[in-house]
1. Which order do the peptides A:22-31, A:169-178 take when ranked by the mean count of other beta-carbon atoms within 10 Å per residue, highest first?
2. Where does each of A:H180, A:H273 land when they are ranked from fewest to most other beta-carbon atoms within 10 angstrom?
3. Could you list A:M239, A:M142 so that the one with the fewest beta carbons within 10 Å of its beta carbon is first and the one with the most is last?
4. Counting other Cβ atoms within 10 Å, which trypsin sites (Lys or Arg not before Pro) in the stretch A:38-84 have at most 14 and lie in a DSSP loop?
5. Check chain A and count each lysine pair with an alpha-carbon distance under 22 angstrom, considering only pairs eight or more places apart or from different chains.
6. Sort A:C221, A:C39 by Cβ crowding within 10 Å, fewest neighbours at the top.
7. What order do you get for A:224-233, A:199-208 when each peptide is scored by the mean count of other beta carbon atoms within 10 Å, highest first?
8. With the cut-off at 31 Å, report for chain A the share of all Cα pairs above it, as a whole percent.
Amino acid sequence: MIVSITDDFDPGRIADSGQCFRWNKTGNGSYRILAGKRCLNLTALEDGVEEGRYGLDCGEAEFAGFWRDYFDLQEDYQGIRERIDPARDPFLHEAMEHEKGIRILRQDPWEMLVTFIISQNRNIPAICRSVELLAERGGERMRDAMGQEYYAFPEPEAVAALSEADLLSCKLGYRARYVHAAAEAVLCGEIDLYALKNADEAAALSALTALTGVGPKVANCVSLFGLHHTDAFPIDVWMKRILSEQYPDGYPYERYSPYNGVYQQYMFAWYRHRS
DNA sequence: AGGCAGGCTTTTA
DNA sequence: TAAAAGCCTGCC
C-alpha cells in the first residue's frame, strides 16, 4: 500500500536516532523495519506526485492495526516543535531545525527493556549485532511479504530458556545475566511491563530500576521508547555534556513537559552529528 | 545515608 | 589505547 505522511517523518533520521536497532537501510530511502514479530519494508516514493509518500509491503488492515501506531502518526510533531521559542532556547531550536523528522516510535516494552540493557557501555553497531544474535538464538524464524527470512524478537519465555553460553555467544558479556534476570522477572510477574504504560512516570522508573542491571539511564529509555512516556529524559554521557555546556543554569523541564523526551531526542541527535 | 572509585565484556575508531 | 545511549559492588 501507499501512505501519505504530512507531519514530520524522516526514516533516515529515525533509523539513526538510537531508539531502534532493527532498522536496516536496504536502498536509497528504503528501510527494512523489524519490530517484535513483524517486518515492514518501507520505501520513500520519488514519483513527483507529492512529498511524504511511502510504499509499504503491508495492507491497510496491518497498517491501521499496527504500523500507524508504531510510527506514532497520530501525534503532531510539528506542533511539538512549535512550542519552543527560538529566541529563548536557540540551541534546542537549532537542533530541531537540523533533526526535523525524528519521531518517538511506540515500541514494545519488553523489546526495549532487553535492547537497552544490552546497550549499556556499548556503541550502536555493537548493540545491533547483539540484538540480531539474540533474535537468531531465541526468536521465531519468519518470512516477510517478499518471502525474505528474518527472526522475530524473542519472547521472555525463549530468552529465559537460553543457557548462559547461548547468551554469552550473543556478545552480551556481563550483561548476559541481566538479560536473563529480566526475562525471569517478566515471567514470574515480578514486573508487569504492559501495566506500566498506564502507571505514572515515577512509579514506572522505580519498578524498572528495581531490576538487576537497570539503572536510571536504561529505565528512562524503556519509559520513553517502550512505554511512550514522552516526558522521560534519558541522561547519558552525551546529554551530560549538553546539559553542562548549553544549560549551565539548569534545564527547563517544567516548561517543556510533557515532551521532554522528544526534545531530548533532537538535542541528542544534533549534538552527535555536530561534533 | 549517599557519593565515589574501580571493574566489567566486547567492539570500534 | 580510549571510548562507547551504564550499572554493580565495596568503601568511606
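1. A:169-178, A:22-31
2. In increasing order of surrounding Cβ atoms, one gets A:H273, A:H180.
3. A:M142, A:M239
4. Sparse-neighbourhood loop trypsin sites (Lys or Arg not before Pro): A:R83.
5. Final tally of qualifying lysine pairs is 6.
6. A:C39, A:C221
7. My ranking of the peptides, most packed first, is A:224-233, A:199-208.
8. Of the Cα pairs, 27 percent sit more than 31 Å apart.
Every read-out reported here was derived from the displayed coordinates using simple, explicitly stated rules and does not represent laboratory data. These numbers come from a predicted model, not from an experiment. Methodologically, a virtual Cβ is constructed for each residue, glycine included, from the backbone with ideal geometry; neighbour enumeration extends over all protein chains shown.
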